[in-house]
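Q: Below you'll find the structure I mean.
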Amino acid sequence: MTMDPCTAWSRRLTFEQPLHANTIADDNLLVEELNGLSVREREKIYEEVHGVVSVVDETPEFVAEKIEAMRNELSKIPRNKKKALDRAVFLRPSILRDDKVLLMFLRARMFDTVQAAHLMYKYYENKLELFGEHLLVKTVTLNDLGEKEIELIRTGAIQILNGREQAGRGILFVTMCLYDVSDWQAFIRYIWYI
């Protein structure tokens with residue numbers, strides 16, 4: 001008798017030893033890690049987890065200053081660390097001149113220019129690894145996905161919910177028991193597409 005994956009998983013959790021039997025040690029490790037952070041770092045984590053948003057007043061002067069500061073931070077990153085970003089700029093020179101592109105990364109990091117610059121070069125590094133150079137500066141479409149990604153889409157296991165959480169962030173609902181994720185890169189490419 002073949003069981004569907006969700007039933008098999010729930011039975012495994014019910015009758016087998018938990019995956020993390022030593023939860024006290026895990027909790028202690030988490031406490032140690034949190035205690036190693038500064039009060040401000042801990043507050044930022046709690047705010048992020050609980051959806052507390054500190055609103056940034058995006059005046060034109062503030063935005064222009066941060067965009068210029070981010071360009072400056074990008075220029076400080078060693079060339080050997082930002083090969084994918086440099087390749088993206090070679091393929092589409094307007095990337096670094098497009099304030100909307102830079103603003104996207106700045107907003108994602110609450111206008112911390114160092115973190116936004118880091119996020120931008122990591123974005124292109126990951127995109128190059130996942131999709132190759134031919135999609136580095138293009139929007140990923142359904143036609144760009146392979147069979148494995150299409151199979152994942154057909155499961156319906158990943159959904160973007162209509163509503164938003166209290167901080168206004170979108171909600172991505174993932175039901176892992178609906179499929180076997182043996183190819184993590186295909187899974188990440190699928191999420192990137194969404």
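The values are calculated or read from the model by the stated rules, or taken from the named source; none is laboratory data. Keep in mind the model is a prediction, meaning the values are calculated, not measured. All Cβ positions, even for glycine, are placed from backbone atoms using ideal geometry, and neighbour counts span all protein chains on display. When the accessible area is computed, the model is the full protein with side chains, heavy atoms only, and any ligands, DNA or RNA have been set aside. Shrake-Rupley method; radii C 1.70, N 1.55, O 1.52, S 1.80 Å.
Q: Restricting to region 72-113, give me the number of residues that are in contact (Cβ under 8 Å) with a residue 12 or more places away in the chain, open to solvent by 70 Å² or more (accessible area, probe 1.4 Å) and of a type in the set (S, T, N, Q).
A: Count: 1.
Q: Just name the residue that is nearest to A88 (Cα to Cα) out of those in region 142-180 that are without any contact (Cβ under 8 Å) to a residue 12 or more places away in the chain and not charged (D, E, K, R). Break it down into steps so the answer makes sense when it comes.
A: Going residue by residue through region 142-180, those that are without any contact (Cβ under 8 Å) to a residue 12 or more places away in the chain are 143, 147, 150, 154, 162-164, 170-171.
Imposing the further condition that a residue be not charged (D, E, K, R) reduces the set to 143, 150, 162-163, 170-171.
Numbers: N143: 21, I150: 26, N162: 33, G163: 34, G170: 28, I171: 29 Å.
Ranking the candidates gives N143 first.
Q: Return the residues of region 105-129 that are of a type in the set (A, V, I, L, M) and modelled with pLDDT of 95 or more; say none if nothing qualifies.
A: Taking region 105-129 as the starting set, the residues that turn out to be of a type in the set (A, V, I, L, M) are 106, 108, 110, 114, 116-117, 119-120, 128.
Selection gives L106, V114, A116, A117, L119, M120, L128.
Q: Okay, moving on. In region 115-169, how many are assigned to a helix (DSSP H, G or I) and of a type in the set (S, T, N, Q)? Explain how you work it out, then say what you get.
A: From region 115-169, those assigned to a helix (DSSP H, G or I) are 115-131, 133-135, 142-144, 147-155; that's our starting set.
So of that shortlist, the ones also of a type in the set (S, T, N, Q) come out as 115, 126, 143, 155.
Matching residues across region 115-169 total 4.
Q: Moving to a separate point now. For region 151-165, state whether one or more residues are open to solvent by 20 Å² or more (accessible area, probe 1.4 Å), of a type in the set (D, E, K, R) and over 25 Å from V52 (Cα atoms).
A: Yes, there is a match, as at least one residue in region 151-165 is open to solvent by 20 Å² or more (accessible area, probe 1.4 Å), of a type in the set (D, E, K, R) and over 25 Å from V52 (Cα atoms).
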